[in-house]
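Some notes on the structure that comes next.
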Amino acid sequence: MMERIDKRDRAALFRRRLAEAMAARGTSQAALARTIGVDRSTVSQLLGQEGPRMPNAQVAAEAAAALGVSADWLLGLTDRRERAADLLAASMTLTEAPRALVEETIFAWHREAEGYKIRHVPATLPDMLKTREVLTWEYTPELGRSTEQAIGASEDRLTWMRSARSDYEIALPLHELDSFARAEGYYAGLPADLRHAQLDRMAALYDQLYPALRLFLYDARRVFSAPVTIFGPLIAVLYLGRHYVAFRDRDRVGFFAGHFDSLVREASIGAHDIPRHLAALRATVR
């Protein structure tokens, strides 16, 4: 519940904040008066009058817009100076998602969230768990001759990420690993020896990193998730293919974290059972 403020105190707060905003903007009384379409004496009265009198809503809104602050802040209704549109712009950003391995934007988010738990729903098998051979098979058609260079840079970054004291929880659809083992769909044409080696690598890394790394497999026929990564309480990033949509406000980050936790609760195969499932899949690879 918003704290009730005496009319005199609110009027005094308005005068202080108006003067503060004008000083920060470098705006004179005359300049502000011209911008909002009032006499200079009106601005002078707003700044200098005593008592509980407040400006009318039109003048307050025009002054806030001219000074680049929130009208609610100016009137003492919030402690956030930013306008609603500016808050929204700051809380949600759209950035390009180049077809590459761990590129700079993703790496920067990982560094920012170092020490926090990272929850991840990948678009395919997680890049950080893939062998060089699978990465080469997957990325060469897109990256061409620069594939090896990209993989080398990616390995350096992934080494940092694995040592960054951040727990990883990864939720993956059951059918993703099944399709990989059978070389179907996205993985059509992937040789059996590469699939064997990939499943062996996943098993070895899981044995090495568990419980800091936990993998959960959910049935996409019962629950669904778009690719998303939640970097602790700081950022939630939705992957759209060509772009990332990053959310930084607490409520939306919490919403995505809750969505991920629901995938974990609905997981058909939990973190403890992953080694056995990987071994069973490996036995099916032909």
ask   = Quick one: would you say Leu143 is outside any helix (DSSP H, G or I), crowded, with 16+ Cβ neighbours inside 10 Å and free of Cβ contacts under 8 Å to residues at least 60 places away in the same chain?
value = no
request  = Determine whether Val245 is at pLDDT below 95 and β-branched (Val, Ile, Thr).
outcome  = yes
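Report yes if some residue within the range 124-134 is modelled with pLDDT of 75 or more and among the basic types (Lys, Arg); otherwise report no.
Yes: one or more hits.
The values are calculated or read from the model by the stated rules, or taken from the named source; none is laboratory data. Remember, predicted model here, so these are calculated numbers, not experimental data. When we count neighbours, we look across all protein chains shown, and the Cβ atoms used for this are built from the backbone with ideal geometry, even at glycine.
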